């Protein structure tokens, strides 16, 4: 796998920051309402669809405040879920060939896609498994015991940066993983 420079990764992440959280609506494990690309599209696809819908609804996106723009995307189910974001970033950073529409947080943090690593082995591009495999964080960088990450969550209002102290007992997770 080919890695790119951290600065290029941070630039790529910047295109996702602020996107709403979005995923398909499921009932009994079956899709009952499909969102745009199921919350798995890349930022270019989301931007293109945003422009198309705004034109269709006769909305001038340039006149919208940041909050109105976010609300427009959220209302129209344009955004990305945690596994979609992680797939897009892994594909970018490592030139991986993951298919975002066919992955979940659980799959990304399980064999054969990844292997568990120890906290002292953490590096850029590693993953943190949370919520029993229902959520995943993408690690941007580790400095001593602090990890800096990006994720997409409904609670965090979409794609955002975060950080966690690995010695903090309140930081809950079910392991750290590396793409194989």
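Structure summary
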read-out: Residue match in segment 72-90 (condition: out of contact with any strand residue (DSSP E or B) (no Cβ under 9 Å at 6 or more places or on another chain), surrounded by 12 or more Cβ atoms within 10 Å (Cβ to Cβ), more than 17 Å from residue 152 (Cβ to Cβ) and at pLDDT 90 or above); value: yes
read-out: Some residue of segment 144-151 being touching a strand residue (DSSP E or B) at 6+ places or on another chain (Cβ under 7 Å) and not in a strand (DSSP E or B); value: yes
read-out: Qualifying residues in segment 36-83 (those that are within 16 Å of residue 16 (Cβ to Cβ) and not in a helix (DSSP H, G or I)) - the one farthest from the chain's Cα centre (by Cα); value: 78
read-out: Single condition residue 112 does not satisfy, out of (1) part of a loop (DSSP other than H, G, I, E, B); (2) touching a strand residue (DSSP E or B) at 6+ places or on another chain (Cβ under 8 Å); value: (2)
read-out: Odd one out for residue 154, checked against (1) out of contact with any helix residue (DSSP H, G or I) (no Cβ under 7 Å at 6 or more places or on another chain); (2) over 25 Å from residue 67 (Cβ atoms); value: (2)
read-out: Condition broken by residue 69, with the remaining ones in (1) under 24 Å from residue 157 (Cβ atoms); (2) in contact (Cβ under 8 Å) with a residue 12 or more places away in the chain; (3) crowded, with 17+ Cβ neighbours inside 10 Å satisfied; value: (2)
read-out: So residue 58, is it closer than 22 Å to residue 152 by Cβ and free of Cβ contacts under 8 Å to residues at least 24 places away in the same chain; value: no
read-out: Residue within segment 99-109 that is under 16 Å from the mean Cα position of the chain (by Cα), surrounded by fewer than 14 Cβ atoms within 10 Å (Cβ to Cβ), modelled with pLDDT of 95 or more and not in a helix (DSSP H, G or I) present; value: no
read-out: Top-ranked residue in segment 115-137 [being in contact (Cβ under 8 Å) with a residue 60 or more places away in the chain and part of a strand (DSSP E or B); ranked as nearest to residue 88 (Cα to Cα)]; value: 115
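The values are calculated or read from the model by the stated rules, or taken from the named source; none is laboratory data. What you see is a predicted model; the values in this text were computed from it and never measured. Reconstructed Cβ throughout: ideal geometry from the backbone, glycine too, with neighbour counts over all protein chains shown.
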